[in-house]
Amino acid sequence: MTLTHEASRDAPARARVPQLQLVLVLAALTMVGPFTIDAIFPAFEVMTHDLGVDKVAMQQTVSVYLVAFAVASLFHGSLSDALGRRPVILAGCALYAVTSALCALAPSMPLLLGARGAQGLVAGAGMIVGRTVVRDLFDGAHAQRFMSHISMIFAIAPALAPIVGGAILGWGSWRTIFWVLAAYGVLLVVLTLTSLPETHPAAERVPFRPRPLLTSFTSAAGDGAVLRLSAAIALNFGALFLYISSAPAIVVDHLGLGERDFGVLFVPLVVTMMIGSFLTGRLAGRVRQGAFVLAGFLVALAGGVFAVAYQALVDVPTLPWTVVPVAAASLGVSLVFPILTIALLDLRPRERGAVSSFQSFLSTCVNALVAGAVSPLVSGSLTTLAVVAGSMTLSALLLWAWHRRRMRARAGAAHAPVDVVVPSPAPEPIEQL
């Protein structure tokens with residue numbers, strides 16, 4: 001099946017490529033993020049010994065990457081508006097291969113952290129600009145369906161990455177993992193050259209101007225409603241990311257498993273995420289916004305309560321009960337995230353790009369803090385881990401309730417209803433795994 005005039009905005013001849021091929025290429029681009037983070041988790045213990053550092057220092061390989069990723073995410077889209085989609089994606093993938101090789105060659109932790117920072121600066125180009133390609137080619141329902149196909153493939157990445165990392169560690173070293181990531185970058189360059197059309201014609205390109213970009217960004221960041229919903233989204237996902245970044249401690253230290261066993265944690269996470277995405281699509285338009293979002297938050301909180309009760313009753317944690325709070329957090333996030341994201345973007349319809357950038361920036365910074373500071377402090381106890389994750393979810397719930405109350409007051413003043421039916425969500429992949 002090829003792109004047709006009915007399915008695209010202008011259907012340029014250069015964009016007439018098989019849809020399945022385009023889905024696979026764009027999904028491969030979005031998988032860079034979770035693979036870059038999750039693939040090295042099985043190697044954490046080996047890396048601490050090899051580099052002569054402790055576990056807290058190892059967590060900084062994630063936080064440094066995420067901070068750099070957050071900063072660069074503000075500019076990838078604007079650069080593609082000025083230069084075209086393919087040049088930015090190609091440059092990003094090529095530089096990703098180079099920085100991955102630098103990580104593999106790093107002889108010490110400071111140099112590894114520097115290479116990880118550089119890796120974070122370029123890793124988001126394919127994912128962020130790839131989504132823009134979808135919006136270039138498709139509108140409305142076509143875009144939603146196309147993005148849902150990408151999302152389904154993308155959801156496999158968080159579970160597959162640590163399994164692949166563990167398998168590589170079985171026949172190579174931790175440096176081999178980075179060499180494989182470098183090879184993946186080269187593969188993405190080839191796929192982009194051969195299978196990805198340029199969807200942003202030169203006539204439609206605009207100069208890259210940092211000043212208007214930053215002005216729009218700061219304006220969105222100064223909006224109280226944007227801040228409340230963005231913080232709610234960031235904390236809600238941050239609770240799940242706390243479990244993800246604590247995966248080495250959960251799997252190796254608490255469950256006593258090996259570097260090839262990370263699937264016991266990540267497979268349930270992905271399955272529940274896919275279930276949540278399915279339910280969100282099926283129930284859209286049938287369930288009121290307040291009840292739907294509240295249900296998602298309560299599912300995640302229930303998982304935390306179960307974890308605290310379970311840890312109080314047993315001396316040695318076992319499967320499958322230890323992964324229940326992780327699965328619950330994943331399900332809760334997948335239920336809440338699309339609705340809150342749509343509500344956030346609808347706050348400032350004329351500045352949706354700036355709002356989206358701010359939300360992505362804030363979430364990535366929260367995840368960096370979680371990985372670099374919170375996880376090392378709390379992952380030594382599964383009870384403490386569940387309590388902190390639950391506190392983040394509860395904070396997100398309170399922020400959403402506060403926002404809802406403020407919007408109710410505003411709607412009451414305008415004699416408008418507040419509790420609206422959930423719109424059909426645009427199925428975006430989750431960018432902070």
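The values are calculated or read from the model by the stated rules, or taken from the named source; none is laboratory data. All values reported here derive from a predicted model rather than from experimental measurement. Quick reminder, even Gly has a Cβ in these numbers, built from the backbone with ideal geometry, and neighbours come from all protein chains shown. Heads up: the accessible areas ignore ligands, DNA and RNA and are worked out on the full protein's heavy atoms, side chains in. Shrake-Rupley method; radii C 1.70, N 1.55, O 1.52, S 1.80 Å.
Below is a table of values for the structure above.
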read-out	value
Exclusive hit being in contact (Cβ under 8 Å) with a residue 12 or more places away in the chain, open to solvent by 30 Å² or more (accessible area, probe 1.4 Å) and hydroxyl-bearing (Ser, Thr, Tyr), set Ser219, Ser230	Ser219
Residue check for Ser395: modelled with pLDDT under 80, open to solvent by 40 Å² or more (accessible area, probe 1.4 Å) and of a type in the set (Gly, Ala, Ser)	no
Qualifying positions in segment 42-64 - touching a residue at least 60 places away in the same chain (Cβ under 8 Å) and over 19 Å from Leu169 (Cα atoms)	Val56, Gln60, Ser63, Val64
Set Leu26, Leu79, Leu22: member being among the aliphatic types (A, V, I, L, M) and farther than 29 Å from Ala220 by Cβ	Leu22
Any hit, segment 59-75, residues being modelled with pLDDT of 85 or more, touching a Phe, Trp or Tyr at 6+ places or on another chain (Cβ under 8 Å) and farther than 30 Å from Pro207 by Cα	no
Residue match in segment 22-39 (condition: among the charged types (D, E, K, R), open to solvent by 40 Å² or more (accessible area, probe 1.4 Å) and in a helix (DSSP H, G or I))	no
Number of positions in segment 375-387 that are assigned to a helix (DSSP H, G or I) and either in contact with a strand residue (DSSP E or B) (Cβ under 7 Å, 6 or more places away or on another chain) or open to solvent by 40 Å² or more (accessible area, probe 1.4 Å) (or both)	4
Test: residue in segment 13-30 that is at pLDDT below 85, of a type in the set (Ser, Thr, Tyr), within 28 Å of Val355 (Cβ to Cβ) and out of contact with any Gly (no Cβ under 8 Å at 6 or more places or on another chain)	no
Residues that are free of Cβ contacts under 8 Å to residues at least 40 places away in the same chain and not hydroxyl-bearing (Ser, Thr, Tyr), drawn from segment 188-208	Val190, Ala203, Glu204
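Residue by residue, here is whether (1) of a type in the set (Asp, Glu); (2) open to solvent by less than 10 Å² (accessible area, probe 1.4 Å); (3) outside any helix (DSSP H, G or I); (4) within 20 Å of Gly114 (Cβ to Cβ) holds:
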| residue | (1), (2), (3), (4) |
| --- | --- |
| Phe44 | no, no, no, yes |
| Val62 | no, yes, no, yes |
| Ser78 | no, no, no, no |
| Val98 | no, no, no, yes |
| Leu102 | no, no, no, yes |
